[in-house]
Amino acid sequence: MSESKPHSPQAGFSLVELLVALVFTAILTTGMLRIFASSVSGFYTQQESLGLQRASRFALNLVEEEVIQAGYLFPPRNLRGELAVGTPAAQPPVLLQQTDYQPVWSDPNGTTVTLDKVDELQFVQDLNLEVEGTFAADAVEGAAEALVSIPSGKATLDKYLGSSDHPLVMVMLDSQIHQVDMVRIKSISSGGKVTLDPNSSGLDAFGNERGGGFFSGIFNNLHKKGAPCTFIAPLRVVRYAVVPRALDPADPTHMIPCLVRQTAPLVKNSIFKPLMDQTAPDQDPSWTEQIMVEGVSGLKVDISIDGGKTFLRYNSDGTLKGGMDTWANVYAGLDAAIKSALPGTSVLASHTTKGLGDTLDPMWTNYLSVTFRLDVETRTRLARAEYAANQATPTPAFRTRTVTMMISPKNYALGSML
């Protein structure tokens, strides 16, 4: 009879072995989680940095398209009747200074950050509204109305209607250069009926004769059906500045500083300074506002009248020169620079002695090579520990990016002696 062998117990892990395995697994998992968290954080920070760069570049690209048109006048003309000169309190063809307020950045969590003071840039021009139409019927010579087809953009035109001192102007594109029709518009109906401004007698707000001006109240030439036309808003002040705006209607307390473009009619003996409401733009219908880019934490504007060789307001290290925060001081410095830059013996001699106060021709920009320098700084929405300057004891901080652009308006230096 065979002898049976005792049953041996099944082999397994001891408690010590399991604990050791758990410790090693925890160490590996912790390392992997740290690597994953670091990768995710790096991804977000990289995306934010790229977003900042794109936002700054996008903002300046939009600004460049506008500023390059500074001083655009159609038709080209002397503005001595419109621009009151000889005083810093009157609107000049170009104005730059620091704003008298500091933008506030408020987050949904209730925290607020008051930014450093920012600059503003203003200039005068005729606004090409980039709205075009075609005549739906013939417009005869001497007529005070016409039927025009406007496929898109009528809402834009409506914003500029209603002022006899700063009328909306329709320009006929079929006229010969010596017979250009530019007519003042009183109203445009929903059906496209354009009624011209018949007020062609007396003086306007600037002392110019209405009947002898560039803009007529009747058609001076025949325009056949299908003739093209476009629209301009003459003598507008364009202003670039940084103001806080509530971008989320559901959360009006969350304010984000934005680079905005504002336009208003030129007012004689006055500088364009709309109210900077912290919650919403001023509701004055005479001016409009367009948000160019949000999340802007800084704007610096400087000017050169020698083609960018030297600048008036800022030192080479980016610090503001003494007194260059107010327009009165910028006016004095620019006035001296203009007198020094223009020759003393020529048709420009009046500029040499009077500078910005030349009543004969206040558009000094026509004779000098003007270059603007704009520095736009954007900031991340959230503060992150990764942005802290001291990574040993990181404190959440914001990251900023600054983009610089030099812009030379193509409508300046038209009368240069060069």
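The values are calculated or read from the model by the stated rules, or taken from the named source; none is laboratory data. Since the structure is predicted, the reported quantities are computational estimates derived from the model, not experimental observations. Cβ atoms come from the backbone with ideal geometry, glycine included; neighbour counts cover every protein chain shown.
For the stretch 283-335, residues that are in contact with a helix residue (DSSP H, G or I) (Cβ under 8 Å, 6 or more places away or on another chain), of a type in the set (Val, Ile, Thr) and modelled with pLDDT of 95 or more total 1. Pairing residues of the stretch 265-282 that are closer than 30 Å to HIS254 by Cα with residues that are β-branched (Val, Ile, Thr) and modelled with pLDDT under 75, at Cβ distances under 8 Å and at least 6 apart in sequence or on separate chains, gives no pairs at all. Mind checking whether some residue in the stretch 111-122 is out of contact with any strand residue (DSSP E or B) (no Cβ under 8 Å at 6 or more places or on another chain), more than 19 Å from PRO167 (Cα to Cα) and not basic (Lys, Arg)? Yes: the stretch 111-122 contains one or more residues that are out of contact with any strand residue (DSSP E or B) (no Cβ under 8 Å at 6 or more places or on another chain), more than 19 Å from PRO167 (Cα to Cα) and not basic (Lys, Arg). Within the set VAL124, VAL131, VAL113, the sole residue that is free of Cβ contacts under 8 Å to residues at least 24 places away in the same chain, under 25 Å from the mean Cα position of the chain (by Cα) and assigned to a strand (DSSP E or B) turns out to be VAL113. Restricting the stretch 336-352 to residues that are in a helix (DSSP H, G or I) and modelled with pLDDT under 70 leaves a set whose member that is surrounded by the most Cβ atoms within 10 Å (Cβ to Cβ) is HIS351. In the stretch 366-399, of all residues being of a type outside the set (A, V, I, L, M, F, W, C) and loosely packed, with under 15 Cβ neighbours inside 10 Å, the one that is nearest to LEU312 (Cα to Cα) corresponds to ARG381. Between a residue in the stretch 143-160 that is assigned to a helix (DSSP H, G or I) and any residue that is of a type in the set (Phe, Trp, Tyr), which pairs come within a Cβ distance under 9 Å, given they are 6 or more apart or on different chains? The qualifying pairs are THR156/PHE231; LEU157/PHE231. Cβ-Cβ distances below 9 Å connect the following pairs, each with a first residue in the stretch 38-62 that is more than 13 Å from VAL403 (Cβ to Cβ), a second residue that is at pLDDT 70 or above and hydrophobic (A, V, I, L, M, F, W, C), and a separation of six or more residues or different chains: SER41/ALA385; GLU48/LEU382. Can you work out which of the residues in the stretch 241-263 that are touching a residue at least 60 places away in the same chain (Cβ under 8 Å) and not in a strand (DSSP E or B) is nearest to the chain's Cα centre (by Cα)? Step by step, filter the stretch 241-263, then rank; the result is HIS254.
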